[in-house]
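Participant: I'd like to ask some things about the structure below.
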Amino acid sequence: MTVDGTIEFIAALLMLSGAVMALLSAIGIMRFPDVYTRSHAGTKSSTLAVLLTLLGAFIHFASDQGFYSVRLLLGIVFVFLTAPVAGHVIIRAAYRANVKMSDTTIEDELKGVLQQVKQDAEADRTETGEIMSEDKKEELKHQEE
Amino acid sequence: MIEIMLTLALTLYGIAIAISVIRTIIGPSLPDRIVALDMIGVMLVSCIAIISVSYGTKAFLEVILILAILAFISTIAFSKYIERGTIIDSRRDD
Amino acid sequence: MNNLIAMPMMLPVLTAIILIFLRPYIKIQRTISLIVMIANIGISIYLLQLIQSNGILRLDFGGWEPPFGILFVADSFSVILVLTSSIVTAICLLYAFSSVEKSYEHMFFYSFINLLVAGVNGSFLTGDLFNLFVCFEIMLLASYILIAFGGKKGQLRESIKYVIINVISSWIFLVAIGYLYAVIGSLNLAHLSERIAEHGQTPIITVISIVFLTVFALKAGLFLYFWLPGSYSVPSTVVGALFGALLTKVGIYAMFRFFSLLFYHEPAITHTIIGVLAGLTLVGGSIGAVAYKDIRLVASYNVVIAVGFILVGLAVSTQSSLEGAVYYLVHDMIVKALLFLLVGTMIALTKETKLDQMSGLIRNYPLLGWMFFIVTLSLAGIPPLSGFIGKVLIGGGTLENGSYILLALAFISSIFVLYSLLRVFLSSFWGETIISKDEEIPMKKGLLIPCALLTIGSIALGLGAESLSVYIQDAAQVLVDPQLYIDAVLSSD
Amino acid sequence: MIKHRYRINNVILRTVAKLVSLIILTLAVYLFLAGHHSPGGGFVGGLVLASALVLLLIVFDIETVRKGIPVDFKKVAAFGALLSVGTGFGALIFGENFLSQAFDYFNLPFFGKTELTTVMIFEAGVALVVVGVVVTIILSISEDE
Amino acid sequence: METLVTILAGVLVTVATYLLLSKSLIRVVIGTAMLTHAAHLLIITVPGLKIGSVPILGEGDAGPVDALPQALILTSIVIGFAVTAVSLVLTYRTYQEIGTDKLDQLRGDQDE
């Protein structure tokens with residue numbers, strides 16, 4: 001096997017391992033019990049899969065055609081930059097939307113904090129008349145009656 | 001040899017996407033589905049990289065970036081919708 | 001190469017864009033739109049003369065020779081229609097100046113009118129199948145918005161129906177284009193015609209032609225006219241007049257072009273179907289025209305009858321019937337615009353839409369009444385008004401061909417047209433006046449002058465038929481002999 | 001002061017969005033310029049540019065973006081259409097067929113020998129139309145509550 | 001391969017028809033958009049799927065594929081986009097005016 005052949009083999013191997021990684025993360029997304037754990041599979045390992053694959057493609061083009069593709073590198077940077085943020089945003093949204101955790105969850109550290117923040121904000125905004133919670137509206141109605 | 005490896009990689013990606021589609025369909029909550037959709041988007045990116053390697057053409061490389069951008073924006077939009085009920089706010093609220 | 005051919009489409013497009021920047025200045029908007037329409041009239045008259053001396057003209061966009069590039073082709077038929085549509089639009093614009101609300105004018109009303117005209121003229125001039133689709137869509141997009149101007153409940157309902165019907169028909173159009181491209185491998189009309197002639201019109205091509213027929217029947221209101229009366233009766237008067245005058249005519253034009261240029265080898269199948277559909281349209285339109293009391297619906301069903309009548313000319317496809325059809329097409333564009341304008345004026349004056357709730361209008365507005373009478377006669381085909389010659393020529397064609405049923409239907413439908421409009425005339429213009437002198441809304445000159453201009457146009461078309469006949473014979477010549485068109489397009493100059 | 005207690009903390013997303021929109025804008029310019037001999041062009045470039053604006057709109061809000069980019073997007077679209085149709089009419093001045101385009105090679109500093117063509121102006125018009133229309137539609141859908 | 005894609009186009013048409021026949025206006029709009037995309041799929045399939053290389057200068061050795069259907073589809077996508085935008089605005093106006101997006105509540109006399 002020549003040097004070029006070896007490099008191409010390595011490139012293909014990288015892509016294949018990326019594919020294996022993707023399969024693993026797909027299994028993860030199927031098997032994990034709730035959103036919060038699934039997102040681990042959905043973002044972390046699939047990001048790795050993409051990184052490996054794109055790196056493989058980059059090496060392939062570099063050795064095969066002598067073409068150093070900036071677009072592929074930019075793609076790697078982009079995915080590396082955005083995938084964690086996307087995961088973070090989804091899970092934040094899920095937590096605020098009160099998606100249930102699995103029964104095996106041991107601790108929810110944010111439980112008190114979020115509750116407190118919400119209460120504070122509601123209290124503040126009701127004072128300024130900005131928004132009003134549904135319970136408050138009911139109360140006011142009763143008082144008027 | 002390399003051909004076989006590329007085909008195998010594509011097949012594995014195909015299986016992974018199929019599994020994610022199942023999760024998109026059954027996923028009990030909305031965030032589940034979005035996690036799966038995001039993953040499909042990211043995997044399609046790598047699929048296109050593999051396809052362009054196996055065709056030996058550079059014409060598809062732009063698609064990689066555009067697809068990644070679209071996946072990111074759609075994920076952000078979805079999660080903002082879940083979190084606040086709106087996608088674009090009219091005023092800055094902090 | 002003659003860049004003037006592109007102007008009837010591109011000038012309105014350019015105007016529509018420029019008018020967006022001139023949003024606050026209504027006076028300037030009106031002036032520019034009118035100037036462009038008058039320029040279009042001038043250009044098309046010049047083109048007609050040029051075609052007489054030089055034969056069919058073509059313009060290859062960007063210098064790409066056919067069949068590779070896209071192109072505009074101007075033969076007498078299309079330029080006559082462009083000329084008529086420009087005249088009608090110019091007069092309708094005059095009417096719009098004094099009838100359309102200020103708020104519409106601020107919402108880019110004139111831009112959309114210009115886009116509508118651009119789409120219509122583009123459809124008449126294009127020599128390329130796909131550009132025909134694009135121009136159709138430009139026209140339809142503008143009409144979607146124009147129909148909903150005002151945003152009343154009835155308008156919204158009808159415009160939703162109209163949009164959905166047209167999206168579906170555009171879908172069929174797209175599918176048909178795909179099939180035709182797959183079978184023949186070209187989109188240039190002349191090239192398609194040549195290839196179909198070479199390989200013969202195989203059954204699959206005939207099937208595709210029927211798919212095209214379905215599309216254009218939906219757009220023109222040939223038999224599939226169920227959407228037409230509703231959507232043509234809800235928009236504001238000017239828009240209704242433009243729709244009645246222009247939109248169905250584009251579908252009819254496409255049908256004439258396709259079944260005289262491309263699919264003329266199997267008349268036993270295609271033209272018979274067109275004939276049957278035209279007959280059914282005549283029957284359905286006549287029933288509708290006498291059945292309704294809402295005068296806008298009566299006017300809309302008259303559009304349907306005219307569609308059927310013109311397509312009798314295509315179904316028969318002899319030289320004289322085609323001449324008659326072209327002639328009737330021109331006549332119908334002018335007279336339908338006039339009819340819709342008059343009906344809209346009546347509604348605006350009385351605030352009623354049912355014909356039995358108006359009466360005695362002729363005491364208050366004599367000129368309006370007599371113009372309505374002239375329209376009635378003209379549509380029914382009484383000589384020397386403009387409808388007469390078209391009817392005679394189409395009738396002669398059907399006699400030559402021996403299609404007596406179509407002949408009978410065509411002339412019975414004329415009687416129904418006469419009856420339906422005379423009913424409107426008698427019940428709303430004669431009788432006890434409902435408007436006292438105090439309540440009478442003064443007739444604006446701006447409303448009356450456009451109607452008078454169109455009436456004069458109709459009379460002039462009838463009296464001056466002789467001077468027009470050169471151009472109309474030339475138009476029919478190209479329809480009869482497609483080789484003229486093919487040679488003009490595919491020759492490299 | 002009250003508002004600051006329950007503000008939605010988006011620091012991660014906002015920081016990354018600034019960076020990512022920069023990448024997207026670069027890609028948009030690249031696609032626009034590449035469009036003559038390879039995939040890309042005004043339409044795609046405009047869409048990608050619009051997607052960067054949409055990202056900013058989602059992550060920030062209409063007010064902030066308006067402040068940053070104080071243009072009327074309807075006017076942008078109209079101007080783009082004018083530019084595109086204008087190149088068609090430009091051919092008339094030189095007595096060419098409608099929509100004819102011209103090109104030539106120029107020696108530019110830094111870029112070297114470059115092909116410049118009037119198609120570029122046409123494409124710039126298309127890009128402006130796309131950006132203007134997309135942003136107008138999105139703004140008008142989200143604006144009135 | 002062509003058969004498969006044609007079947008896919010058929011499935012899209014089926015789904016679109018289902019959506020078009022539903023009562024909710026917004027579903028109808030989505031149905032029209034899907035219908036157009038089914039037509040696009042058909043246009044690219046019916047003349048035969050890819051035999052040849054990418055239709056870009058300097059790419060691939062074999063003769064390029066016919067690029068015309070793709071140009072048609074691009075144009076048609078733009079038009080479809082515009083139509084969808086218009087019909088969405090129309091739907092929204094209707095919703096504002098009438099307060100529902102159910103088609104059967106749009107029914108009514110001409111002069112209500």
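The values are calculated or read from the model by the stated rules, or taken from the named source; none is laboratory data. Given the structure is predicted, the values throughout are model-derived calculations rather than measurements. We place every Cβ from the backbone using ideal geometry, glycine too, and count neighbours over all the protein chains shown. For the accessible areas, the whole protein counts, side chains as well, though only heavy atoms, and no ligand, DNA or RNA atoms are used. Shrake-Rupley method; radii C 1.70, N 1.55, O 1.52, S 1.80 Å.
Participant: Would you mind computing, in nm to one decimal, how far apart the modelled labels at residue C:419 and residue C:28 are, each placed 7 Å from Cα along Cα→Cβ?
Facilitator: 5.5
Participant: Based on alpha-carbon atoms only, what is the radius of gyration of region A:27-71 relative to the globular estimate 2.2 N^0.38 Å?
Facilitator: In units of the globular-protein estimate, region A:27-71 measures up at 1.64.
Participant: Set the Förster radius R0 to 60 Å, insert the Cβ-Cβ distance between residue C:490 and residue A:100 as r into 1/(1 + (r/R0)^6), and round the FRET efficiency to 0.05.
Facilitator: E between residue C:490 and residue A:100, to the nearest 0.05, is 0.25.
Participant: Rg(Cα) of chain C divided by 2.2 N^0.38 Å?
Facilitator: With N residues counted in chain C, Rg over 2.2 N^0.38 Å equals 0.93.
Participant: Plugging the Kirkwood radius over Cα pairs into Stokes-Einstein for chain D, at a temperature of 25 °C and a viscosity of 0.890 mPa s, what D comes out in µm²/s?
Facilitator: 142
Participant: Write down the accessible area per residue of chain D in Å², having rolled a 1.4 Å probe over the full set of protein chains.
Facilitator: With the other protein chains kept in place, chain D gives 53 Å² per residue.
Participant: Keeping the other protein chains in place, figure out the carbon and sulfur percent of the accessible area of region D:2-143, with a 1.4 Å probe.
Facilitator: The computed percentage sits at 71.
Participant: Within 10 Å of each Cβ of C:21-27, how many other protein chain Cβ atoms are there on average?
Facilitator: 1
Participant: Could you tell me the calculated FRET efficiency between residue D:106 and residue D:25, based on Cβ-Cβ distance and R0 = 22 angstrom, to the nearest 0.05?
Facilitator: With a Förster radius of 22 Å, E is 0.30.
Participant: How far apart, in nm, are the 7 Å Cα→Cβ label points at residue C:469 and residue C:21?
Facilitator: Result for the modelled spin labels: 5.0 nm.
Participant: Could you report the buried accessible area between B and A, both sides summed, computed with a 1.4 Å probe and given in Å² to the nearest 100?
Facilitator: Summed over both sides, the interface buries about 4100 Å².
Participant: Here is a further query. In region C:211-235, which residues have a backbone nitrogen under 18 Å from the label point lying 7 Å from residue C:276's Cα in the Cα-to-Cβ direction?
Facilitator: Under cut-off, by backbone N: C:211-218, C:222-225.
Participant: Let me ask you something else. Suppose R0 equals 45 Å; then what is the FRET efficiency for residue A:2 and residue E:82 from their Cβ-Cβ distance, rounded to the nearest 0.05?
Facilitator: 0.25
Participant: Per q in 0.15, 0.17, 0.18, 0.24 Å⁻¹, report the Debye log10 I(q)/I(0) for region B:2-84, using one uniform scatterer on each alpha carbon and no solvent.
Facilitator: Once normalised to I(0) and log-transformed, intensities are -0.61, -0.74, -0.80, -1.10.
Participant: Specify, per residue and in Å³, the volume enclosed by the convex hull of the alpha carbon atoms belonging to the protein assembly as shown.
Facilitator: So the per-residue hull volume is 206 Å³.
Participant: What is the spin-label model distance, in nm, from residue D:140 to residue C:53 if the labels are put 7 Å beyond Cα along the C-beta direction?
Facilitator: 4.7
Participant: Continuing with this model, one more query. When 1/r is averaged over all different Cα pairs and the result inverted, which Kirkwood radius in Å belongs to region C:253-383?
Facilitator: 16.2
Participant: Give the accessible surface of region B:2-84 per residue, rounded to a whole number of Å², with probe radius 1.4 Å and ligands, DNA and RNA excluded.
Facilitator: So region B:2-84 comes to 37 Å² accessible per residue, rounded to a whole number.
Participant: Can I ask one more? At a probe size of 1.4 Å, how large is the accessible area of residue C:146, to the nearest 10 Å²?
Facilitator: The value for residue C:146 is about 0 Å².
Participant: Just for the Cα atoms in region A:3-96, what are the lengths along the principal axes, largest first, rounded to whole Å?
Facilitator: Result, largest extent first: 52, 25, 10 Å.
Participant: For chain D, set up a GNM with springs between Cα atoms under 10 Å and report which of D:114, D:26, D:15 has the largest fluctuation.
Facilitator: Comparing D:114, D:26, D:15 in a Gaussian network model of chain D, the most mobile one is D:114.
Participant: What's the longest uninterrupted piece of chain D once you rule out the chymotrypsin sites (Phe, Trp or Tyr not before Pro) that are loop residues per DSSP with at most 10 other Cβ within 10 Å?
Facilitator: D:1-93
Participant: Follow-up. Counting trypsin sites (Lys or Arg not before Pro) as exposed when in a DSSP loop with at most 14 other beta carbons within 10 Å, what is the longest stretch of chain B free of them?
Facilitator: B:1-90
Participant: In addition: Could you list, bin by bin from short to long, the percent of Cα-Cα pairs of region C:308-426 in 5 Å steps?
Facilitator: Per 5 Å bin, starting at zero, the Cα-Cα P(r) for region C:308-426 comes out as 2, 12, 20, 21, 15, 11, 9, 6, 3, 1 percent.
Participant: How much mean residue ellipticity at 222 nm does chain C get from its helices, if each DSSP H run of length 4 or more adds -39500 (n - 2.57) and you divide by all residues, to the nearest 500 deg cm²/dmol?
Facilitator: Calculated mean residue ellipticity at 222 nm is -25500 deg cm²/dmol.
Participant: Right, another one. Suppose all protein chains stay in the model; what accessible area per residue would a 1.4 Å probe give for region A:3-96, in Å²?
Facilitator: 38
Participant: Turning to a different aspect of this structure: Place a point 7 Å from Cα of residue B:22 in the direction of its Cβ. Which residues in region A:33-48 have their backbone N less than 15 Å from it?
Facilitator: Residues A:33 qualify, since their backbone N sits under 15 Å from the label point.
Participant: While we're here: Choose one of A:2, E:46, C:38: the residue whose Cα lies farthest towards the positive end of the charge dipole of the protein assembly as shown (beta-carbon charges +1 Lys, Arg; -1 Asp, Glu; about the Cα centre).
Facilitator: Positive-most Cα among the choices belongs to C:38.
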